[in-house]
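The block underneath contains the structure these notes are about, expressed in structure tokens.
The values are calculated or read from the model by the stated rules, or taken from the named source; none is laboratory data. Quick caveat: nothing in here was measured; it's all calculated off a predicted structure. Counting neighbours? That spans all protein chains shown, and the Cβs are built from the backbone with ideal geometry, glycine included.
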């Protein structure tokens, strides 16, 4: 199971678009600046003297192609730094658009990444899709430009790229979520859906050795290996997959359209090395089991695929047996027609609290402490 990520306490952070500019003085900060408080300070690898001061707008968060987590990536220059000097604590791992002031230094610890000693958060944090404030009162007026929004470089449904290319989803800044599309070359000796594959650069680059009809899905950030998954064909209104028993799953604000076997979490028909997990908007699909030796009931988790079959990575607040400081906790699905839950005070509650359950899944529930 993957360790918890070290990430940023969102108490005063912003956005993307401008070139770095020299800081004028230590007393000329932005009127919208917000202090970062109530978190442990990470020791700085270097002093703030002797470096190059500046202001940047970019992404602060996990970068899958980097050994450093989190990192700061400037929107305009696309440069990456190892951040220091700011208050860090555990948070949910989502990337943030922030505007910062600080001093950059050359790599001092031999990991190949220069360091940025952040002295001040000037604005933000902002939601990466909508530029809406993540915390009340955050200034998101500067959230615009090359970091913001989805860039559709090609049409996945039409596959309108040139000869020898395919239109695929990717993340422009190497983040965990796909946000755009682009044309990439099809490998000379491609692999088919269901076969092992490898990506280049980082897991969401879109560059892989899968055939023209598939992508390398959920590649391991260290080995860059995974399995080819078929892309849906047809149209957004009438998506299709090559096998009738496989359904088209759309995610990432319409950027991802992939074919996955559907399943019932109470009677999963997935392969032995797979688990049945929720899939937008109201279905369940089979996915590779990434629980390893962990993933039992009430154990810590971070991913839907990090729990054993019959369990789901849910909120740690749903069971007293869970670690309250964990990102998530493995909890069992349950049958509303024959409810039974292992946790103290837990009840079997319908999985479909906010929407109507689709046919055949009306009895799916999740064990949790009632709200």
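Please find, within the range 344-356, the residue that is farthest from residue 334 (Cα to Cα) out of those that are part of a loop (DSSP other than H, G, I, E, B) and touching a strand residue (DSSP E or B) at 6+ places or on another chain (Cβ under 7 Å).
346
Any residue that is under 18 Å from the mean Cα position of the chain (by Cα) and either surrounded by fewer than 17 Cβ atoms within 10 Å (Cβ to Cβ) or in contact (Cβ under 8 Å) with a residue 40 or more places away in the chain (or both) - is there at least one of those in the range 184-198?
No, because not a single residue in the range 184-198 is under 18 Å from the mean Cα position of the chain (by Cα) and either surrounded by fewer than 17 Cβ atoms within 10 Å (Cβ to Cβ) or in contact (Cβ under 8 Å) with a residue 40 or more places away in the chain (or both).
What's the number of the condition residue 332 fails, among (1) part of a strand (DSSP E or B); (2) farther than 20 Å from residue 226 by Cβ; (3) in contact with a helix residue (DSSP H, G or I) (Cβ under 8 Å, 6 or more places away or on another chain)?
It fails just one condition, (3).
Within the range 244-265, track down each residue that is crowded, with 19+ Cβ neighbours inside 10 Å and outside any strand (DSSP E or B).
Of everything in the range 244-265, those that are crowded, with 19+ Cβ neighbours inside 10 Å and outside any strand (DSSP E or B) turn out to be 255, 263, 265.
Evaluate the range 277-290: report whether one residue or more is out of contact with any helix residue (DSSP H, G or I) (no Cβ under 9 Å at 6 or more places or on another chain), assigned to a loop (DSSP other than H, G, I, E, B) and farther than 26 Å from residue 179 by Cβ.
no
What number goes with the only condition from (1) surrounded by 21 or more Cβ atoms within 10 Å (Cβ to Cβ); (2) modelled with pLDDT of 85 or more; (3) assigned to a loop (DSSP other than H, G, I, E, B) that residue 175 does not pass?
Unmet condition: (2).
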